[in-house]
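Participant: The structure follows.
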Amino acid sequence: MMSLLNIIPLYRQLRLLSLLLLIFISGNLISNDSEVTLYTKAKLLQIHKKYGKEVSKRFLLWKKVVEGAQNKTDMEKLNIVNNFFNTQIKWVADEKLWKKKDYWATPTETLIKQAGDCEDFTIIKYFTLIALGVPVEKLKLNYVKAIKINQAHMVMTYSETKRSIPLVLDNINKKILPATKRKDLKPVYSFNGEGLWVQKKASSKKTGSSSRIRLWVDLNNRMKKELI
């Protein structure tokens, strides 16, 4: 039987995945004054059995952070999520961690390993913020050139409105700063669940769907298997 997620657009899949991620983290969803409990407890028991007590404790801590941030403002959520993952996750290159040149880990994989590279920091922040109700159109994953270290890098940005100066969430410079104060970053392209933008001089131009990014599609396919 064909999965529903195989026949709906990618950006709608991401909204559904984010809702499932919220349920996975928090354990329940309140709807029409009734509580609907899904498989979270069983999944946590599975993780505990397979990976041990320390890993399952990290998932419970993630759950606690998400539950505590539900009613915060967007700015408070940005700070909570940025600080949490910048302190909980250690940077490790893909070649060492995954034995691959380039691998984008799911939030679950990153938390199990308690490690990842810049893409993994960005991805887990992005999906956690969407699960917390931050609108996807305000968030982008941004490929940039980190000028000081002369290499490709990924950060996440948040824009309150389309005309707002984006705020940068980074695992290198851990302070959230406006993009105008991150002269050490040269934008290349950005994307989210709703599109792909290529940087053209001082502005960015939408060039299509993020489904053009193979690693992004592969990541979301693995998330489907984890969450459904």
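The values are calculated or read from the model by the stated rules, or taken from the named source; none is laboratory data. Values in this document were obtained by computation on a predicted structure and should not be read as measured data. Note that each Cβ is placed from the backbone with ideal geometry, even for glycine, and that neighbours are counted across all protein chains shown.
Participant: So, in segment 110-130, how many residues would count as being in contact with a strand residue (DSSP E or B) (Cβ under 8 Å, 6 or more places away or on another chain) and touching a residue at least 24 places away in the same chain (Cβ under 8 Å)?
Facilitator: Residues flagged as in contact with a strand residue (DSSP E or B) (Cβ under 8 Å, 6 or more places away or on another chain) and touching a residue at least 24 places away in the same chain (Cβ under 8 Å) within segment 110-130 amount to 14.
Participant: Is it the case that residue 139 is farther than 26 Å from residue 47 by Cβ, within 12 Å of the chain's Cα centre (by Cα) and aliphatic (A, V, I, L, M)?
Facilitator: Here the answer is yes, as residue 139 does meet what is asked.
Participant: Further, regarding this structure: Residue by residue through segment 85-95, note down the ones that are assigned to a helix (DSSP H, G or I) and either free of Cβ contacts under 8 Å to residues at least 40 places away in the same chain or touching a strand residue (DSSP E or B) at 6+ places or on another chain (Cβ under 8 Å) (or both).
Facilitator: 87, 88, 94, 95
Participant: Among the residues of segment 86-95, is there at least one that is at pLDDT 95 or above, surrounded by 16 or more Cβ atoms within 10 Å (Cβ to Cβ) and under 14 Å from the mean Cα position of the chain (by Cα)?
Facilitator: Within segment 86-95, one or more residues are at pLDDT 95 or above, surrounded by 16 or more Cβ atoms within 10 Å (Cβ to Cβ) and under 14 Å from the mean Cα position of the chain (by Cα).
Participant: Here's another thing I want to ask about it. Of everything in segment 108-148, what is in a helix (DSSP H, G or I), polar (S, T, N, Q) and at pLDDT 95 or above? Give them in sequence order.
Facilitator: Of everything in segment 108-148, those that are in a helix (DSSP H, G or I), polar (S, T, N, Q) and at pLDDT 95 or above turn out to be 110, 122.
Participant: Quick check on this structure: which one of 140, 174 is in contact with a Ser or Thr (Cβ under 9 Å, 6 or more places away or on another chain), closer than 27 Å to residue 75 by Cβ and touching a residue at least 60 places away in the same chain (Cβ under 8 Å)? Walk me through it before giving the result.
Facilitator: Values: 140 fails: touching a residue at least 60 places away in the same chain (Cβ under 8 Å).
Testing whether each residue is in contact with a Ser or Thr (Cβ under 9 Å, 6 or more places away or on another chain), closer than 27 Å to residue 75 by Cβ and touching a residue at least 60 places away in the same chain (Cβ under 8 Å) leaves just 174.
Participant: Just for segment 196-228: of the residues that are in contact (Cβ under 8 Å) with a residue 24 or more places away in the chain and not in a helix (DSSP H, G or I), which one is farthest from residue 153 (Cα to Cα)?
Facilitator: It comes out as 228.
Participant: Checking the structure you have, find out if any residue of segment 53-74 is farther than 30 Å from residue 175 by Cβ and modelled with pLDDT of 60 or more.
Facilitator: For segment 53-74, residues farther than 30 Å from residue 175 by Cβ and modelled with pLDDT of 60 or more: present.
Participant: Scan segment 143-169 for residues that are touching a residue at least 40 places away in the same chain (Cβ under 8 Å) and either under 26 Å from residue 70 (Cα atoms) or within 12 Å of the chain's Cα centre (by Cα) (or both) and jot them down.
Facilitator: 158, 160, 167, 169
Participant: Within segment 139-189, which residues are surrounded by 21 or more Cβ atoms within 10 Å (Cβ to Cβ), among the polar types (S, T, N, Q) and over 23 Å from residue 92 (Cα atoms)?
Facilitator: The answer is none; no residue qualifies.
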